[in-house]
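The values are calculated or read from the model by the stated rules, or taken from the named source; none is laboratory data. Everything quoted here is computed from the prediction, not taken from an experiment. With ideal geometry, Cβ positions are generated from the backbone for all residues, glycine too; neighbour counts draw on all protein chains shown.
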Ligand SMILES: C[S@@+](CC[C@H](N)C(=O)[O-])C[C@H]1O[C@@H](n2cnc3c(N)ncnc32)[C@H](O)[C@@H]1O
């Protein structure tokens, strides 16, 4: 079965900004003709904003329960366990009410309200495995983790010497309650490693070995007693060099793009990571426009995805068709998993005359 999007293929001479902007404005109308399966809501709008570190950021880490993901020789990556949010939703700042909503509705995704950032999605692990396999270097690079959720991909770049790392998620609660604390948790761990030769206290909590590219389901290695998990001590990391390399944004992609484009010069990224973000075809115009305008001329977009997202309708084939019709990027498969619900990692780069 082949699908066709009703977007014009841009001519080679079109002004790039105008081209994408025009297409985006037509988005809703054109989306009426997109193939649908289940619901296909309109492009969501949540005004973008930048989140500045709180004056007392380590408060976010008090009593934090963490997990650690270990992939080959990559540095261990720490993140807050998602169950914490269910148990402590009432006590947390959550203007969007997504902590309670997602728990009440037992839903990983409420389109336009909560876009799934509170848990780590499995394609993130595939992308981490790919970074291990292909040995991507981050030294001196500008990196964007787009649709970051827990932010593990950006955190990897940070730990591997990126010049700067920007994190974007749809939901401000995700950025404030998960992404920022995770970055701090990893800064804290660096500090502990530096000051604690015995190595004890590092990476406490659950440890998770990612088996992404190996086609096995990811296995959680529980604490030995299988019971409660150790809590980390909160060190002051507010001035940590790695934290100062980071910026954090929430909001939908079109207003995020408008926000950063107010800066002169606006950021351009050598590497854009985006994992499990192409599940909804209604969002493709804004996503494509963001990649188009924020990727540096020789930059790479690493995109990890499932073949198909049941109930939402998007997937790799539809996104590839969309990208092909736009004619801006070439897209190559880096890894195709074959078992169960198929997963993929692809890379996008500008076609020669579109840089
Ligand atoms: C399924 S989650 C994946 C989270 C994370 N990348 C991972 O792999 O664990 C999808 C993410 O895409 C982002 N997203 C989806 N649609 C968006 C939109 N229209 N505007 C901005 N962000 C969006 C949200 O931030 C959300 O966290």
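Going through (1) crowded, with 17+ Cβ neighbours inside 10 Å; (2) within 14 Å of the ligand (Cβ to nearest atom); (3) at pLDDT below 90; (4) not in a helix (DSSP H, G or I) one by one, residue 94 falls short only on (2). For residues that are touching a helix residue (DSSP H, G or I) at 6+ places or on another chain (Cβ under 6 Å) and outside any helix (DSSP H, G or I), scanning just region 250-267, find the one that is nearest to the ligand (Cβ to nearest atom). Ranking the candidates gives 250 first.
Do we find a residue being within 17 Å of the chain's Cα centre (by Cα), within 15 Å of the ligand (Cβ to nearest atom), part of a loop (DSSP other than H, G, I, E, B) and under 23 Å from residue 125 (Cα atoms) anywhere in region 288-300? No. Scan region 160-210 for residues that are at pLDDT below 95, part of a loop (DSSP other than H, G, I, E, B) and under 19 Å from the mean Cα position of the chain (by Cα) and jot them down. Selection gives 210 alone. Looking across 354, 338, one residue alone is more than 17 Å from residue 277 (Cα to Cα), in contact with a strand residue (DSSP E or B) (Cβ under 9 Å, 6 or more places away or on another chain) and modelled with pLDDT under 95. It is 354. For region 243-269, residues that are surrounded by fewer than 20 Cβ atoms within 10 Å (Cβ to Cβ) and more than 17 Å from residue 175 (Cα to Cα) total 9.
The set of residues from region 97-112 being surrounded by fewer than 18 Cβ atoms within 10 Å (Cβ to Cβ), without any contact (Cβ under 8 Å) to a residue 40 or more places away in the chain and either outside any strand (DSSP E or B) or within 11 Å of the ligand (Cβ to nearest atom) (or both) comprises 97, 100, 101, 103, 104, 105, 106, 107, 108.
Considered as a group, the residues in region 130-140 that are in contact with a helix residue (DSSP H, G or I) (Cβ under 7 Å, 6 or more places away or on another chain) and away from the ligand (no atom under 14 Å from the Cβ) include one that is farthest from residue 173 (Cα to Cα), and that residue is 133.
Output the number of the condition that residue 310 fails; it satisfies all remaining conditions of (1) modelled with pLDDT of 95 or more; (2) within 16 Å of the ligand (Cβ to nearest atom). Single failed check for residue 310: (1). For region 268-284, give me the residue count where each residue is within 10 Å of the ligand (Cβ to nearest atom) and closer than 16 Å to residue 322 by Cα. Within region 268-284, residues that are within 10 Å of the ligand (Cβ to nearest atom) and closer than 16 Å to residue 322 by Cα number 7.
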